[in-house]
1. Determine, from the Cβ-Cβ distance of I111 and K145 and an R0 of 25 Å, the FRET efficiency 1/(1 + (r/R0)^6), rounded to the nearest 0.05.
2. Please find the FRET efficiency linking D125 to E165, where r is the Cβ-Cβ separation and R0 is fixed at 45 Å, and quote it to the nearest 0.05.
3. Would you grab the residues whose amide H sits under 5 Å from the one on K168? Only those 5+ places off in sequence or on another chain, please, with H modelled 1.01 Å from N.
4. What ³J(HN,Hα) values, in whole Hz, does the Karplus curve 6.51 cos²θ - 1.76 cosθ + 1.60 give for the range 167-179 when θ = phi - 60°, with x put for Gly and Pro?
5. Could you tell me the calculated FRET efficiency between E103 and I206, based on Cβ-Cβ distance and R0 = 45 angstrom, to the nearest 0.05?
6. Which of the three applies to the range 95-161, rounded, prolate or oblate, going by the alpha-carbon gyration tensor with a ≥ b ≥ c and a/c under 1.5 meaning rounded?
7. P(r) of the range 134-194 in 5 Å steps, Cα pairs, percent per bin?
8. Toward the positive end of the charge dipole of the range 112-200, about the Cα centre and with charges on Cβ (Lys, Arg +1; Asp, Glu -1), which of F174, S151, A115 goes farthest?
Amino acid sequence: MSMEDEERANALEDSIKQKAGKSYYYAHEKRDTGELRAPDPEPEGKLIKKTVSVESLGESLEASALDDNIAMKKDQSYYYAHARRETGEAPAPMPVPVVLARETRPTAPTIEAKAIQSYSFLDEDEVVKIYVPLEGVKEAVGQKKEAVCSSFGEKTLELTVSGYEEGKVLKLGFASLFEEIVPEESKHRVLANKVVLALKKKKKNISWNRLV
């Protein structure tokens, strides 16, 4: 035995005598009985390196976010309602939208425009009159002033009749009259069985032998 080994053995014996079974050397010396030696404790301050996978780190961060959300919002937390319970309960189902009421709106009736094909005209020096025959038109439209409307331009006119035929608007129009008229002094009248348009001539000395 070398001097160094001898000194180490003496130190071991002294330690065992002083601390009996609590001695570090007592716990770690080899026994003649054949028992395995206890592992050396990790020294304090020693840096222990551990390898953490990216997946494990991601799960850890997700779990931390879930805990923070639950801590802030308690049982109103989205994660609280949908996280898996340790009790084995299934996640809470997503809420189903509920239709409170349905409103049925009546569809507006379809109105069809119908061109007036039958009419005649008469030159009366200062005015030109257009006659539109409509049997019983005055009774059909009644007191509805907006049922029969007319509009005039210098060389244009348009007549519309609503309510005479169900679901239809009757129309008569000219985009280019024979001569110019005075729109402000032109008008229409509703008689029992016809509508009369009176066009005020701009040039009184010109006779109209046609409308367009």
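1. Working from the Cβ atoms, E equals 0.85.
2. After rounding to 0.05, the efficiency reads 0.80.
3. Placed amide hydrogens put E112, G163 under 5 Å from K168.
4. Running phi through 6.51 cos²θ - 1.76 cosθ + 1.60 with θ = phi - 60° gives x, 9, 10, 7, 9, 9, x, 9, 8, 8, 6, 4, 9 Hz.
5. 0.15
6. Since a/c reaches 1.5 and a/b is larger than b/c, the shape of the range 95-161 is classed as prolate.
7. Over the range 134-194, the share of Cα pairs per 5 Å bin runs 4, 18, 26, 21, 15, 12, 4, 0 percent.
8. Working it through, the farthest residue towards the positive pole turns out to be A115.
Where a number appears in this text, it was derived from the coordinates with a stated rule and is not lab data. Worth saying up front: this structure is predicted, and the values here are computed from it rather than measured. Here Cβ is always computed from backbone atoms with ideal geometry, including for glycine, and neighbour counts include all displayed protein chains.
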